[in-house]
Amino acid sequence: MKNVVEQLAQYKSVHFNKKNIQTHFVGIPLIIFSLTILLSLIQFEVNTDNGAFTFTFASIFFAIAILYYFILHWRLALGMVAYIIPNIYLASLVTPLEHSGSIAIAIFVIGWIIQFIGHHYEKAKPAFVDDLSQFLIGPFFLMAEVYFGLGLEKELLEEITPLARDRRRAIEAASRT
């Protein structure tokens, strides 16, 4: 399993353009919210001696994702928890609506359009094209960018940036041949 430096450097290698990163701060949350709504539509109940508990696929998926984020970097994972909990709550407000699935799909499409606009500025393909695990790293990368912008995790930024630049140069060299 790749460590946090490897994962973030791989993602950053195709995310240097400021306009691309800005579009990701809109597109990725839209995509995550839409997926949270869709996964919240799938519910199941567990009956125990203490009563019945309802779970959604969203809560299970994000619990697993958060565990993965804690394995990668516990401080960034705390930020992800602070992001995911309200996301799940907001999705719970949308799921009872009559057309919540359609709403989620529309949000999903808009989010991806914004993402691809960003990669047009970047002139690089999205990170997930070569590694599907980068789907999970996208939101984590944005959280890292928030931390970096606040002056936190400077050592992590100093580790990932040269690796990302080297990977980007290799990508650009391969595309010229």
Which ones in region 12-39 are closer than 24 Å to Ser100 by Cα and small (Gly, Ala, Ser)? Gly27, Ser34
What are the residue pairs meeting all of these: first residue in region 17-37, first residue within 17 Å of Gln134 (Cβ to Cβ), second residue of a type in the set (Gly, Ala, Ser) and part of a helix (DSSP H, G or I), Cβ atoms under 6 Å, and 6 or more apart or on different chains? Asn20/Gly118; Thr23/Gly118; His24/Gly118; Gly27/Gly111; Ile28/Gly138; Ile31/Gly111
Candidates Ile107, Ile171, Ile113, Ile117 - the one that is surrounded by 17 or more Cβ atoms within 10 Å (Cβ to Cβ) and either more than 20 Å from Phe62 (Cα to Cα) or of a type in the set (Val, Ile, Thr) (or both): Ile107
Taking only region 76-124 into account, find how many residues are over 19 Å from Gln134 (Cα atoms) and charged (D, E, K, R). 1
Among the residues of region 108-118, are any over 27 Å from His73 (Cα atoms), more than 19 Å from the chain's Cα centre (by Cα) and part of a helix (DSSP H, G or I)? no
For Glu159, indicate whether it is surrounded by 15 or more Cβ atoms within 10 Å (Cβ to Cβ) and of a type in the set (D, E, K, R). yes
Determine which member of the set Leu8, Leu78, Leu38 is surrounded by fewer than 16 Cβ atoms within 10 Å (Cβ to Cβ) and at pLDDT 95 or above. Leu78
Residues of region 121-165 being of a type in the set (D, E, K, R) and at pLDDT 95 or above, which ones? Glu145, Glu153, Lys154, Glu155, Glu158, Glu159, Arg165
Failed criterion for Lys125 (all others in (1) in contact with a helix residue (DSSP H, G or I) (Cβ under 9 Å, 6 or more places away or on another chain); (2) assigned to a helix (DSSP H, G or I); (3) of a type outside the set (A, V, I, L, M, F, W, C) hold): (2)
What are the residues in region 128-142 that are part of a helix (DSSP H, G or I) and touching a residue at least 12 places away in the same chain (Cβ under 8 Å), if any? Gln134, Leu136, Ile137, Gly138, Pro139, Phe140, Phe141, Leu142
Filter result (of a type in the set (Phe, Trp, Tyr) and either touching a residue at least 24 places away in the same chain (Cβ under 8 Å) or assigned to a helix (DSSP H, G or I) (or both)) within region 38-63: Phe57, Phe61, Phe62
Has region 66-74 got any residue that is part of a helix (DSSP H, G or I) and under 24 Å from Ile171 (Cβ atoms)? yes
Could you tell me whether Pro96 is on the phi < 0 side of the Ramachandran plot, surrounded by 13 or more Cβ atoms within 10 Å (Cβ to Cβ) and either assigned to a loop (DSSP other than H, G, I, E, B) or modelled with pLDDT of 95 or more (or both)? no
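The values are calculated or read from the model by the stated rules, or taken from the named source; none is laboratory data. Since the structure is predicted, the reported quantities are computational estimates derived from the model, not experimental observations. Please note: Cβ atoms are built from the backbone with ideal geometry, for glycine as well, and neighbour counts cover all protein chains shown.
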